[in-house]
1. Hey, with R₀ at 35 Å, roughly what FRET efficiency would GLU73 and ARG15 work out to, going by the Cβ-Cβ distance, to 0.05?
2. Using Cα-only point scatterers and the Debye equation, what is log10 of I(q)/I(0) for segment 66-216 at each q in 0.15, 0.18, 0.19, 0.20 Å⁻¹, rounded to two decimals?
3. I'd like to know how the chain sits against the 2.2 N^0.38 Å rule of thumb: what's its Cα Rg over that expected value?
4. For segment 148-316, compute the orientation-averaged projected area of the C-alpha convex hull (one quarter of its surface), in nm².
5. Please report the antiparallel percentage of DSSP beta bridges with both residues in segment 148-316, rounded to the nearest 5.
6. Could you calculate the FRET efficiency of GLU66 with SER114 from 1/(1 + (r/R0)^6), where r is the beta carbon distance between them and R0 is 51 Å, rounded to 0.05?
7. Sort THR20, THR124, THR197 so the one with the fewest other Cβ atoms within 10 Å of its own Cβ comes first.
8. Most exposed first by the Cβ proxy, i.e. fewest other Cβ within 10 Å, how do ARG78, ARG255 rank?
Amino acid sequence: MSRIDPESRIWDILRGGLATRTLALVADLRVADALAEGPRPVEDVAREVGADPDTLHRLLRALASEGIFAEEERGMFRNTESSEVLRHGDGWDDFAHLFGGAWLRAVADLDASSEPPFPRIFATDFWSWLAENPDERAAFDRAMVQGGEDRVERLAALDWRGDELVVDVGGGNGSLLIGLLRQQPDLRGIVFDLPETNRNEAALGDRIEFVAGDFFERVPLGDVYILSTILHDWDDRRAAAILRMIRAAAPTDARLIVIDSVVPSGNESHGAKWLDLLMLTLFGGRERDETQWRALLGGAGFEPVRIEDRMIEALCR
């Protein structure tokens with residue numbers, strides 16, 4: 001493996017904001033869709049997507065240097081495997097939009113205090129901002145589906161009794177439960193989330209019910225509770241409040257399944273160490289290591305029986 005010199009390592013970090021914004025621009029313009037049929041002159045693409053040809057050339061040239069798009073000859077671009085990801089409709093284009101839009105504006109104001117900059121920049125908290133901006137709410141809900149197939153497979157591989165009622169707390173559009181019940185046909189489900197959540201209730205079928213509500217105020221009765229990428233949105237005090245609300249509603253033999261990162265120790269490269277900073281930026285939330293997970297769950301009345309990255313199981317105490 002080639003060694004990266006110290007200056008190049010610093011440069012790769014410094015230019016991160018530019019790369020994020022550039023990817024967001026071409027994702028919002030649907031450039032990857034415009035190149036779906038093969039290489040095209042940048043002038044033709046710019047005319048189709050409504051961009052300045054020279055500026056679009058410069059944006060695509062920079063991304064092509066990282067393997068996102070490719071310049072076949074001067075001014076002639078095509079998709080690569082990486083840029084094709086923006087066309088698949090599985091959330092990456094929406095992530096690009098969010099990361100390079102509102103999130104980047106907030107990140108630019110991140111400081112070393114414990115205060116999240118998003119509410120300061122947008123004069124409201126992130127969830128209220130989503131409620132006030134339906135297009136951004138829809139993009140966020142679509143982005144949260146990204147990686148859903150892997151989560152479904154990991155969930156389906158767990159031991160299931162077969163007749164349980166599964167409550168997906170903060171379950172968004174219900175895609176996780178739809179996938180799980182497809183593989184576990186004897187289960188029933190409840191998607192519990194705010195009423196403004198973008199969803200297609202017809203897609204839930206007759207075994208899943210959408211229940212509107214706020215998980216700081218109540219949660220439905222169930223046998224198994226799922227929190228999929230929910231607790232990292234909140235600081236320890238608020239995360240514990242969610243867990244205590246679930247524990248108060250749960251039967252004594254209920255299970256809790258948390259799908260969230262477990263931050264590794266040491267200097268190992270891990271996306272959660274950067275995602276942790278995004279959580280701080282947006283809501284004052286955090287990713288957690290194993291010690292922090294044990295303390296959080298134990299303090300809310302749960303006994304962890306499995307803690308591994310993106311799959312935590314706990315029982316009621």
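1. Working: r = 26 Å, r/R0 = 0.73.
For GLU73 and ARG15, the calculated efficiency is 0.85.
2. Reported log10 I(q)/I(0), two decimals: -0.94, -1.11, -1.16, -1.21.
3. 1.09
4. Values: hull surface 37.7 nm².
Value for segment 148-316: 9.4 nm².
5. About 35 percent, rounded to the nearest 5.
6. 0.95
7. Details: THR20 17, THR124 13, THR197 21.
Neighbour counts put them in this order, fewest first: THR124, THR20, THR197.
8. On the way: ARG78 16, ARG255 22.
The order, fewest Cβ neighbours first, is ARG78, ARG255.
Values quoted throughout were computed directly from the atomic coordinates according to the rules given, and no laboratory measurement underlies them. Given the structure is predicted, the values throughout are model-derived calculations rather than measurements. Heads up, the Cβs are rebuilt from the backbone with ideal geometry, glycines too, and the neighbour counts pull from every protein chain shown.
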